[in-house]
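Read the structure below first, then the notes.
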Amino acid sequence: MESLNRTALELVDEALEFAEELDVGARELANGATVLDFGVEFTGGLEAGMLLAEIQSAGLATVQSRIEELDGTPISHVELTTDQPGLALLGAQKTGWEVSVDEYEALGSGPARALVAEETIFDRLGYTDVSEFAVLALESEALPTADVAEHVAERSNVEAGSVFLPTYPTASLAGSVTVAARAPELAAFRLAELGYDPTKIVSASGVAPVAPVAGDEETALARTNDALAYGGQVHLVVEDDFDRFDEIPSSAGEEYGEPFYDIFDAADWDFYDLPEDVFAPAQVTIDVLEGPTYALGERDEELVAESFGL
């Protein structure tokens, strides 16, 4: 398998080449690191958000958009498909790096995680990346500094000038798009957490509505998670049967039916203080090769529509 960071870098180069058309900003920091602005000072758009989702999944997934009805209203949906779900979704796209440098805070996703490879999922995937480049997407309201890039470089064991940091706030169009593209990742992660071998997931695809851009990060967090937990649909193809498939969809959790604004508020907006089963798609279909097919969960379009302000 080619380096995840190298394949992601090809898409970063595309973002740099078409930055003006995508309404994406780019700047080189004093230490040579490159920051790509997907929604902090630049507006970005649907195409920019889909490209960012492909960067996060290291170029191993196809991301596209379409219009579907949500509670009777036409709205953009984003679909992600991959035949390398372990590496694309869990080894790259998953948010697994909490970046904290001085006063700067961000959630990191993307293939640079595989250079550090301290998360247990990499042992289960049997993969550690080796590359002279590091690509880490940062979910933050602020653009990173040279010190942040230096921190990423040191942990990734690369030169600071080889660090690329696409950055976006949740309350941006790119934020809404990239979260919608996470429906398959949530299902794959939930399945792995239940004890299923992630290398036995053969293919994954999923779709979720794109939340309208909110005026603040808290509302954006709530809307984008409602889009997944109550509107996200996923199809998995797996090698082996499993007796806990029914625990994958969000409807299996105790909090199902509550808007995420209330769920987050009850936890003082601490993302990591919530039970893992709240972060799951609404519906999951699982095809076991040469075995049964399971249809699990349910959507709540009315809740999503209310969350979106439709």
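The values are calculated or read from the model by the stated rules, or taken from the named source; none is laboratory data. Remember, predicted model here, so these are calculated numbers, not experimental data. We place every Cβ from the backbone using ideal geometry, glycine too, and count neighbours over all the protein chains shown.
Of note:
- Tally, over segment 284-310, of residues that are part of a loop (DSSP other than H, G, I, E, B), in contact with a strand residue (DSSP E or B) (Cβ under 7 Å, 6 or more places away or on another chain) and closer than 16 Å to SER250 by Cβ: 2
- Total residues in segment 158-206, condition buried (at least 24 other Cβ atoms within 10 Å of the Cβ), among the β-branched types (Val, Ile, Thr) and more than 19 Å from ILE55 (Cβ to Cβ): 1
- Any strands (runs of 3 or more DSSP E) falling wholly within segment 1-92 and containing at least 1 residues that are in contact with a strand residue (DSSP E or B) (Cβ under 9 Å, 6 or more places away or on another chain) and polar (S, T, N, Q): 34-37, 62-70, 73-82
- Flag for GLY195 being of a type outside the set (S, T, N, Q), under 19 Å from ARG299 (Cβ atoms), touching a residue at least 24 places away in the same chain (Cβ under 8 Å) and not in a helix (DSSP H, G or I): no
- Single match in SER131, SER156 (criterion: farther than 30 Å from THR219 by Cα and in contact with a Ser or Thr (Cβ under 6 Å, 6 or more places away or on another chain)): SER131
- Segment 60-70, subset over 13 Å from the mean Cα position of the chain (by Cα) and not polar (S, T, N, Q), residue nearest to ALA112 (Cα to Cα): LEU60
- Exactly one residue out of ASP262, ASP241, ASP246, ASP226 is more than 14 Å from ALA280 (Cα to Cα), part of a helix (DSSP H, G or I) and of a type outside the set (A, V, I, L, M, F, W, C), and it is ASP262.
- Considering segment 208-231, the residues that are surrounded by fewer than 24 Cβ atoms within 10 Å (Cβ to Cβ) and in contact (Cβ under 8 Å) with a residue 60 or more places away in the chain include one that is nearest to THR81 (Cα to Cα), namely PRO212.
- Residues that are in contact (Cβ under 8 Å) with a residue 40 or more places away in the chain, assigned to a loop (DSSP other than H, G, I, E, B) and under 27 Å from GLY49 (Cβ atoms) within segment 108-139 comprise GLY110, PRO111, ALA112, TYR127, ASP129, SER131, PHE133, listed in sequence order.
- Segment 282-302, subset within 19 Å of GLU185 (Cβ to Cβ) and among the hydrophobic types (A, V, I, L, M, F, W, C), residue surrounded by the fewest Cβ atoms within 10 Å (Cβ to Cβ): LEU296
- Here GLY59, GLY49 are screened, and the one residue that is crowded, with 17+ Cβ neighbours inside 10 Å and over 22 Å from ILE121 (Cβ atoms) is GLY49.
- Identity of the residue in segment 71-112, among the hydrophobic types (A, V, I, L, M, F, W, C) and in contact with a helix residue (DSSP H, G or I) (Cβ under 6 Å, 6 or more places away or on another chain), that ends up nearest to ALA305 (Cα to Cα): VAL78
- The lone criterion from (1) in a loop (DSSP other than H, G, I, E, B); (2) touching a residue at least 40 places away in the same chain (Cβ under 8 Å) left unmet by VAL152 is number (1).
- The condition (being within 12 Å of the chain's Cα centre (by Cα) and either farther than 22 Å from THR167 by Cβ or surrounded by fewer than 24 Cβ atoms within 10 Å (Cβ to Cβ) (or both)) is satisfied by just one residue among LEU80, LEU87, LEU107: LEU107.
- For ARG113, the conditions (1) basic (Lys, Arg); (2) buried (at least 24 other Cβ atoms within 10 Å of the Cβ); (3) over 17 Å from the mean Cα position of the chain (by Cα) are fulfilled apart from (3).
- Among residues of segment 1-17 that are exposed (fewer than 14 other Cβ atoms within 10 Å of the Cβ), those with a beta-carbon under 9 Å from a residue that is assigned to a helix (DSSP H, G or I) and at pLDDT 95 or above at least six positions away or on a different chain give the pairs MET1/LEU87.
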